[in-house]
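Input: a single structure, listed below in structure tokens.
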Amino acid sequence: MGTVGVAPHEAGLAGGLLDAGRRCGGTVGLAALSTIAVAVTGTAGASGAGTAAALAEGYRRAFTVTGGLLLTAALLTAVARPPGAP
């Protein structure tokens, strides 16, 4: 789907760019969510919560952000889909 409409002689380049974008996007996303989890865990731990409670709060926040991003992506996909697309 990522190479639809690309000239045949440029299909390899378009596929490579698409793959690189996917890999970099996943890497940056994981780094951002890890940063959120660590920051929230540190804040919760500093406020006197136990280690397990602080870790749970950090993961909860990271998963909440992930859910929001997935919902946003699904809505954008539904709205931005071209007419006649499968």
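The values are calculated or read from the model by the stated rules, or taken from the named source; none is laboratory data. Computed from a prediction, not measured in an experiment: that's the story for all the values here. Positions of Cβ are generated from backbone atoms using ideal geometry, with glycine treated the same way; all protein chains shown enter the neighbour counts. Surface accessibility is based on the protein's heavy atoms, side chains included, excluding ligands, DNA and RNA. Shrake-Rupley method; radii C 1.70, N 1.55, O 1.52, S 1.80 Å.
Observations on the structure shown:
- Test for L13: is it under 14 Å from the mean Cα position of the chain (by Cα) and on the phi < 0 side of the Ramachandran plot: no
- Condition met for A56 (open to solvent by 50 Å² or more (accessible area, probe 1.4 Å) and either in contact with a helix residue (DSSP H, G or I) (Cβ under 6 Å, 6 or more places away or on another chain) or in a helix (DSSP H, G or I) (or both)): yes
- Within the range 31-53, tally of residues that are under 20 Å from L69 (Cβ atoms) and surrounded by 12 or more Cβ atoms within 10 Å (Cβ to Cβ): 9
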